[in-house]
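What follows is a short report on a single structure.
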């Protein structure tokens, strides 16, 4: 059957030799239920089920799709599920796979957000999240090291990462501006220092083996009319709910502001959930005032311990922003609507990128300037995530931070007397568990949460 797949030129033909739609739905539900562990774990689950167990796609076809999804803004695991669903059953298959991948996490985080909003002030909830936040900080540090090792393989890439960190940490340059600047620098490097921009730095090592894509060149059978039709439908689906809410509630209502903000975030989130989290944390805490600094870590802890993409943390932000600004609805009702608005504008672009872009994979893969730009963006994302780690570390470890300002430059300076010894110790222990003992994410989060409860009881 693998040979037959390789010779097909469209999702429709692949469907004729593949699983039934009903069988695929059952498998996508299984994938969604097992999608813990962030994108690496989610991709591993899909590979095991779809390639090794079901043999619905070949190893090369799977990695071919993965390469493309890792070029895109947004959650690569969800986009990979959408891509393979489209490969098997066309548009309906892509929609089914992508939506089912989201639903378990959406339900779980909505439930946790409601409990968080209702019982946030309780001693038990505070104790549970005390240790969870400390361990999430360790996971963010691990993400900096993991992505940095993959992306920073040349001096220009290291320089871009350093400049990115300095720009966002000391000057508060907006995340989209950093991404655009990095892309421009990456294109310049390709022209002037081609050895300084290695595309392999952009992708996982296992995906690097899939660069020989010649046998898939007949896959890109598409038309401009089709692309324009899909674009028009997706844009209408993306903006219409926000326009309706603006007409009913006013342009300054929290639902509208959330919709516009998260729609913008959805198209600049190169580098995955940790990259968008830095941007969202900066805006939601410091600009919009929707959350307190430590609450962003609470949301990330929810996303880390529930199935689905880590970027579902934005659902928690959307819920809490509306929960605290509910008029004319009840707090819970407003929070649920805020969650729906946030998830809608975040994931509609994911389907658009797959349905429009997948038929043009080869052109994207062979474009050296685009590859260099994306390599530079990945390097910049390392600096952004480092900023996230430092920012979270300061807020988790110290109760009081002073802002020092010198013209356009600013620096957060902790008051040493306000150090939170429990958080520092749990973070250190979580780092040892992750880096030295090689514990998995869920055992580390569980142990840290338990340690936080015990620490709170002891005090």
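The values are calculated or read from the model by the stated rules, or taken from the named source; none is laboratory data. Being a predicted model, the structure only gives us computed values, none of them experimental. Methodologically, a virtual Cβ is constructed for each residue, glycine included, from the backbone with ideal geometry; neighbour enumeration extends over all protein chains shown.
Filter the range 29-60 down to residues that are at pLDDT 75 or above, part of a helix (DSSP H, G or I) and more than 20 Å from the chain's Cα centre (by Cα), then give me how many there are.
Number satisfying all stated conditions: 8.
Starting from the range 82-105, take each residue that is assigned by TED's automatic domain parsing to the domain that holds residue 27 and buried (at least 23 other Cβ atoms within 10 Å of the Cβ) and list its partners that are modelled with pLDDT of 95 or more and not in a helix (DSSP H, G or I), counting only C-beta distances under 7 angstrom and pairs at least six apart or across chains.
So the pair list comes out empty.
Here's the yes/no breakdown for (1) surrounded by fewer than 23 Cβ atoms within 10 Å (Cβ to Cβ); (2) assigned by TED's automatic domain parsing to the domain that holds residue 149; (3) within 25 Å of the chain's Cα centre (by Cα); (4) modelled with pLDDT of 85 or more:
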| residue | (1), (2), (3), (4) |
| --- | --- |
| 361 | yes, yes, yes, no |
| 370 | yes, yes, yes, no |
| 379 | no, yes, yes, no |
| 386 | no, yes, yes, yes |
| 423 | no, yes, no, yes |
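Per-residue answers, yes or no, for (1) modelled with pLDDT under 60; (2) surrounded by 13 or more Cβ atoms within 10 Å (Cβ to Cβ):
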| site | (1), (2) |
| --- | --- |
| 193 | no, yes |
| 198 | yes, yes |
| 214 | yes, no |
| 228 | no, no |
| 237 | no, yes |
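If you go through the range 400-414, how many residues are in contact with a strand residue (DSSP E or B) (Cβ under 8 Å, 6 or more places away or on another chain) and touching a residue at least 12 places away in the same chain (Cβ under 8 Å)?
Adding up the residues that qualify gives 8.
Out of the range 434-445, which residues are over 22 Å from the mean Cα position of the chain (by Cα) and either surrounded by fewer than 16 Cβ atoms within 10 Å (Cβ to Cβ) or touching a residue at least 24 places away in the same chain (Cβ under 8 Å) (or both)?
435, 436, 437, 438
Scan the helices (runs of 4 or more DSSP H) fully inside the range 304-414 and keep the ones with 3 or more residues being closer than 30 Å to residue 120 by Cβ.
Passing ranges, in order: 313-324, 331-357, 368-397.
With respect to residue 329, determine if the residue is modelled with pLDDT of 85 or more, under 30 Å from residue 28 (Cβ atoms) and out of contact with any strand residue (DSSP E or B) (no Cβ under 6 Å at 6 or more places or on another chain).
Taking the combined requirement at face value, the residue does not satisfy it.
Would you point out which residue out of 319, 353, 392 is more than 30 Å from residue 423 (Cβ to Cβ), within 21 Å of the chain's Cα centre (by Cα) and in contact (Cβ under 8 Å) with a residue 40 or more places away in the chain?
Unique residue meeting the criteria: 353.
On the basis of being surrounded by fewer than 24 Cβ atoms within 10 Å (Cβ to Cβ) and closer than 30 Å to residue 379 by Cβ, does residue 59 make the cut?
yes
Does residue 270 meet the test of being modelled with pLDDT of 85 or more, within 30 Å of residue 165 (Cα to Cα) and either touching a strand residue (DSSP E or B) at 6+ places or on another chain (Cβ under 7 Å) or assigned by TED's automatic domain parsing to the domain that holds residue 120 (or both)?
Taking the combined requirement at face value, the residue does not satisfy it.
Between 136, 171, 158, 140, which is in contact (Cβ under 8 Å) with a residue 40 or more places away in the chain and touching a strand residue (DSSP E or B) at 6+ places or on another chain (Cβ under 8 Å)?
Answer to the selection: 171.
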